[in-house]
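Contents: one structure, followed by commentary.
The values are calculated or read from the model by the stated rules, or taken from the named source; none is laboratory data. What you are looking at is a predicted structure, and each value in this text was computed from that prediction instead of being measured. With ideal geometry, Cβ positions are generated from the backbone for all residues, glycine too; neighbour counts draw on all protein chains shown.
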Amino acid sequence: MTRIYPHFIVAKFGGTSVADFDAMNRSASIVLADPNVRLVVLSASAGVTNLLVELSEGLESRQQLDKLETLRTIQYNIISRLKQPTVISKEIDNLLDNIGHLAQTAATSPSAALSDELVSHGELMSSLLFTEVLREREAEASWFDARSVIRTDDTYGCAAPDIDALATLAETHLRPRLEQAIMITQGFIGRDAQGHTTTLGRGGSDYTASLLGEALNAGRVDIWTDVAGIYTTDPRIAPNAKRIDRISFSEASDMAAYGAKVLHPATLLPAMRKNIPVFVGSSKNTAAGGTLVCSTTENPPRYRAVAVRRKQTLLRLHSLDAQPSCHFLAQMFALLARHSVAADLVTTSENSIALALDSTHATSGEDHTLTTSLFTELSSHCRVEVETGLALVTLVGNQLTQASGVFKDVFAWLEEHAVRMVCHGASSNNLCFLLPADEADSAIKALHLQLFES
Ligand code: ADP
Ligand code: ASP
Ligand code: MG
């Protein structure tokens, strides 16, 4: 009998939640515990994407073979625990062979398109294996190729999805199938107009889950990871970080945008557009509860959380004129726009501009933000100073520009640090400062102790 699931749930499982057979089994129990879970979005098993990224950067043959062997071991450790391993082993072997061929090509002629093609194999393999784990538990589960609905542009490594195309394609190809089986698909990957595989940037599976939730008007999106919710800061940095039980879209979205890795930066945008609540919890410990991200919260606190974004570059542009023309700013921003560089942090003084460039999210390991051509063009107009190895620490909160005492609360705890740049004022919800990357953790600990532990 066909059932209708008007408030179905999209459940996304991250790398550690599908790392091995036991993790997949625990995640399968979560899926099977609630009949409303109809669509499952999966990351690659933990460690697999990193191995594939390394292969895509072109390794010599000995190293290639080592990485391929590690990949095969991860897959076969799962396959060997299945009751009927032969059902799936042939398909996984084909994908592993494919990875081998693509890695050889990458060694001689690497490209961003090839890299995305190669890296997508992680999600393809984990989703095939997870479908089998569910089937062996008597579930009606069906594998679905996310690329048949996630259309993107051709910005390989950090592709932008086509929201309208997704809505139409998902309605036609995915919705009817949700009523017959639990659909298992891949996070992170899409396809461009030429039919090439693309990726949505590191951590992009969260984004896939909310994009599909938006396209199909899901009742909720559940993000299952290795922490029991969203905390006041990364609990790996400050072990006394506290779980936030309920948080607004805008606060959590700021946290994600400023580096809280628990959610890909764009995850909450689709959820916000359709007002779909997002739950974050631990697949290892469902009893621990989690965080609900929704449209509003009662009494939002002044200080909500501290986030960090690493791999930041500071660019200082100094006008060559003692009396810079009023066009200097316009000229510099037009130049950055021509190179598709979005600087989300900017400060200016009389004849200089400081910008922080972010290179955390593209799938490929290289930093494509400050290219040689951008540097050359900038240098022909102004004196350019570049400083790498920085981190952006952000305090996320509410009404920070209206409240008094914020600077006293914050800067007293940063005395020890050489802060390179401060951004405050444009948004009342955050206060950002750029400092040397190796000082970020101690600055976060100090700030967290002062603002959240006293
Ligand atoms: P997954 O593979 O499941 O997507 P991620 O590693 O991408 O998991 O994200 C989970 C990690 O995010 C946690 O292990 C934690 O270290 C990190 N993290 C960073 N900031 C926060 C935060 N504010 N709250 C919870 N976890 C955070
Ligand atoms: N597997 C991809 C990554 O490691 C996407 C994801 O896990 O969300 O970045
Ligand atoms: Mg993640």
Q: May I ask you to verify whether Tyr258 is among the aromatic types (Phe, Trp, Tyr) and either within 16 Å of ligand 2 (Cβ to nearest atom) or within 20 Å of Thr360 (Cα to Cα) (or both)?
A: yes
Q. Among the listed residues Arg147, Arg151, which satisfies the condition of being farther than 30 Å from Pro85 by Cα, more than 16 Å from ligand 3 (Cβ to nearest atom) and of a type in the set (Lys, Arg)?
A. Arg151
**Q.** Where a residue in the stretch 27-50 is of a type in the set (D, E, K, R) and its partner, wherever it lies, is surrounded by fewer than 19 Cβ atoms within 10 Å (Cβ to Cβ), with Cβ under 6 Å and at least six apart
**A.** Arg38/Tyr5
Q. For the stretch 346-381, how many residues are within 27 Å of the chain's Cα centre (by Cα) and either aliphatic (A, V, I, L, M) or modelled with pLDDT of 90 or more (or both)?
A. 9
Q | Qualifying positions in the stretch 25-66 - outside any loop (DSSP other than H, G, I, E, B), within 19 Å of Ser115 (Cβ to Cβ) and within 15 Å of ligand 2 (Cβ to nearest atom) | A | Val48, Thr49, Asn50, Leu51, Leu52, Val53, Glu54, Leu55, Ser56
Q | Subset of the stretch 317-347 [surrounded by 15 or more Cβ atoms within 10 Å (Cβ to Cβ), in contact with a helix residue (DSSP H, G or I) (Cβ under 9 Å, 6 or more places away or on another chain) and not in a loop (DSSP other than H, G, I, E, B)] | A | Leu317, Ser319, Met332, Leu335, Leu336, Val346
Q.
Is it the case, given these coordinates, that Ile244 is buried (at least 20 other Cβ atoms within 10 Å of the Cβ) and within 16 Å of ligand 3 (Cβ to nearest atom)?
A. no
Q) Does Glu69 satisfy the criteria of being at pLDDT below 95, charged (D, E, K, R) and more than 16 Å from ligand 1 (Cβ to nearest atom)? A) no
Q | Flag for Ile74 being over 28 Å from the mean Cα position of the chain (by Cα), part of a helix (DSSP H, G or I) and crowded, with 16+ Cβ neighbours inside 10 Å | A | no
Q: Answer with yes or no whether Ser253 is buried (at least 17 other Cβ atoms within 10 Å of the Cβ), assigned to a helix (DSSP H, G or I) and either within 10 Å of ligand 1 (Cβ to nearest atom) or without any contact (Cβ under 8 Å) to a residue 40 or more places away in the chain (or both).
A: yes
(Q) I'd like to check which strands (runs of 3 or more DSSP E) are fully inside the stretch 131-230 and have at least 1 residues that are β-branched (Val, Ile, Thr), touching a residue at least 12 places away in the same chain (Cβ under 8 Å) and closer than 27 Å to Ala288 by Cα. (A) 182-186, 220-225
Q: Any residue in the stretch 69-94 that's among the basic types (Lys, Arg): show its pairings with residues that are buried (at least 16 other Cβ atoms within 10 Å of the Cβ) and part of a loop (DSSP other than H, G, I, E, B) at Cβ separation under 6 Å, as long as the two are six or more apart or on different chains.
A: none
Q.
If I go through the stretch 211-242 residue by residue, how many of them are aliphatic (A, V, I, L, M), within 13 Å of ligand 1 (Cβ to nearest atom) and under 15 Å from the mean Cα position of the chain (by Cα)?
A. 2
Q | Test set (1) part of a strand (DSSP E or B); (2) within 15 Å of ligand 2 (Cβ to nearest atom) - Ile247 fails condition number | A | (2)
Q. Are there any pairs with C-beta distances below 9 angstrom linking a residue in the stretch 102-119 that is under 10 Å from Leu52 (Cβ atoms) to a residue that is at pLDDT 95 or above and of a type in the set (D, E, K, R), with the two at least 6 apart or on different chains, and if so which?
A. Leu102/Glu117; Ala103/Lys67
Q | Of the criteria (1) among the hydroxyl-bearing types (Ser, Thr, Tyr); (2) surrounded by fewer than 21 Cβ atoms within 10 Å (Cβ to Cβ); (3) within 15 Å of ligand 1 (Cβ to nearest atom), which one Ser61 fails | A | (3)
